[in-house]
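Undergrad: Sending over a structure as structure tokens; questions will come in a sec.
Nothing in this text is a laboratory measurement; each read-out follows from the coordinates by a stated rule. In this text, all values refer to a predicted model and were calculated from it rather than measured experimentally. Here the Cβ positions follow ideal geometry from the backbone for every residue, glycine too, while neighbour counts run over all protein chains shown.
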Amino acid sequence: GSDRKSCLLSGSIGSSSSSNTSPSGSPSRGSGAERVHVDQSTQPLQPALKQATIKKDLCRSQRSMSLGSAAHESLLAAVASSSQGPKHTVDMSHAENGDKVVLLVENTRFVVDPAVLVAKPDTMLGRMFTVRAQRQDGVELVRPNDQNEYEVADGLSASCFRAILEYYHIGKMRCPPSVSVSELREACDYLLVPFNARTVQCHNLRSFLHELSNEGARQQFTAFLEETILPQMIVSTEHGDRECHIVVLLDDDVVDWDELYPPQMGEDTTQVVYSTHLYRFFKYAENRDVAKQVLKERGLKKIRLGMEGYPTHKEKIKRRFNKAE
């Protein structure tokens, strides 16, 4: 028969588990189908900010150690050295009246004029020190330690945090060679600092453009979800269904099945949407990963996406010796 492979999105509206399907390349028209299973009750996502690697390794090793052993003593010494070493001070800015705050990140003290932080109130540090400037009865979002230092970003490297502080002072962040673009992006997400082509400068253009594409894909898929996918899911719920299987075809595709002998699809009900834009969006494995993450964040589970065959034409009829086969 004549099989056209198209973008098949199949989703479930009630259970959890996900599987990734990555294409071997960018399929041409009629070379793949996208399937997504979606459901509605995931666990909370992990925090946006990753913890320091040394802390993870130390905590992981500690589980298999006995108290008083040489390995345990070595672990305690490593923890102490990582937290009690000499502090390095970096002067970023000072107010004319001498007002300053000290931000402690990875044993490095950053001295900053609080007005610089307050000038960007949409960021986490801006909000924190805006509340501090307007506080009544000592109310603060984060309290300083005994040395009057604010520990604001546990798990961030000092070089990454310094790059972020540049945004407050000059409006741009220059990603240092020792910091990966993904680490800087993650820190920006955590601290609510905008990460885009206007605020970031990177030497590694490949990684930088990859992060920008991920953000663009997130915004684009959110629009697809609201305008195209969600209406199909709602149609499924009107029939009491708990799952939704959606096939995405090109705008000019035509489904021509034999009415008496339709092809076996493996699903009881399949809905078809025609969108060349969505079809092409799903051909990238990275976009499918972003789509899964968005669906999980929206509370769905049991998500599956894949480029799979979807027949659009009825079986061809061959005739031999005046007999149809």
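Undergrad: Show the residues, 5+ positions off or on another chain, whose built amide H is closer than 5 Å to the amide H of Gln271.
TA: The answer is His245, Ile246, Val247.
Undergrad: Pull out the extension gain between Gln220 and Val131, defined as 0.36 nm times the separation in residues minus the alpha carbon to alpha carbon distance; nm, one decimal.
TA: Details: separation 89, 0.36 × 89 = 32.04 nm, distance 3.47 nm.
Full extension from Gln220 to Val131 adds 28.6 nm.
Undergrad: Nothing charged except the Cβ atoms of Lys and Arg (+1) and of Asp and Glu (-1): what's the magnitude of the dipole of segment 91-207 about its Cα centre? Round to the nearest 20 debye. Could the numbers behind the result be given before it?
TA: Details: 13 positive and 16 negative charges, 101 e Å.
That gives a dipole near 480 debye.
Undergrad: Hey, what's the Cα Rg ratio for segment 91-207 versus the globular rule of thumb, 2.2 N^0.38 Å? If you can, show how the numbers build up before the last one.
TA: Details: Rg = 14.2 Å, N = 117, 2.2 N^0.38 = 13.4 Å.
The value comes to 1.06.
Undergrad: Count the DSSP beta bridges whose two residues both fall in segment 83-221, then state the antiparallel fraction as a percent rounded to the nearest 5.
TA: Values: 5 of 14 bridges.
Close to 35 percent.
Undergrad: Using the Karplus curve 6.51 cos²θ - 1.76 cosθ + 1.60 with θ = phi - 60°, what ³J(HN,Hα) values do you get for each residue of segment 114-129, in whole Hz, with x for Gly and Pro?
TA: x, 5, 5, 6, 5, 5, 10, x, 7, 8, 5, 5, x, 5, 4, 8
Undergrad: Taking 1 over the mean of 1/r across every pair of different Cα atoms in segment 193-255, what Kirkwood radius in Å do you get?
TA: Values: mean 1/r = 0.0670 Å⁻¹.
Evaluated over segment 193-255, this radius sits at 14.9 Å.
Undergrad: List, largest first, the extents of the alpha carbons of segment 152-241 along their principal axes, each in whole Å.
TA: For segment 152-241, the Cα spread along each principal axis is 55, 28, 21 Å.
Undergrad: Taking 0.36 nm per residue of separation and subtracting the Cα-Cα distance, what length does fully extending Thr270 through Glu297 add? Spell out each step's value before the answer.
TA: Numbers: separation 27, 0.36 × 27 = 9.72 nm, distance 2.43 nm.
Here the segment from Thr270 to Glu297 would lengthen by 7.3 nm.
Undergrad: Counting other beta carbons within 10 Å of each residue's own, what order do Leu295, Leu212 fall into, fewest first?
TA: Ordered by Cβ neighbours within 10 Å, fewest first: Leu212, Leu295.
Undergrad: Can you list residues whose amide H is under 5 Å from Arg174's amide H, if they're 5+ apart or on another chain and H is modeled 1.01 Å from N?
TA: Those lying under 5 Å, H to H, from Arg174 are Gln201.
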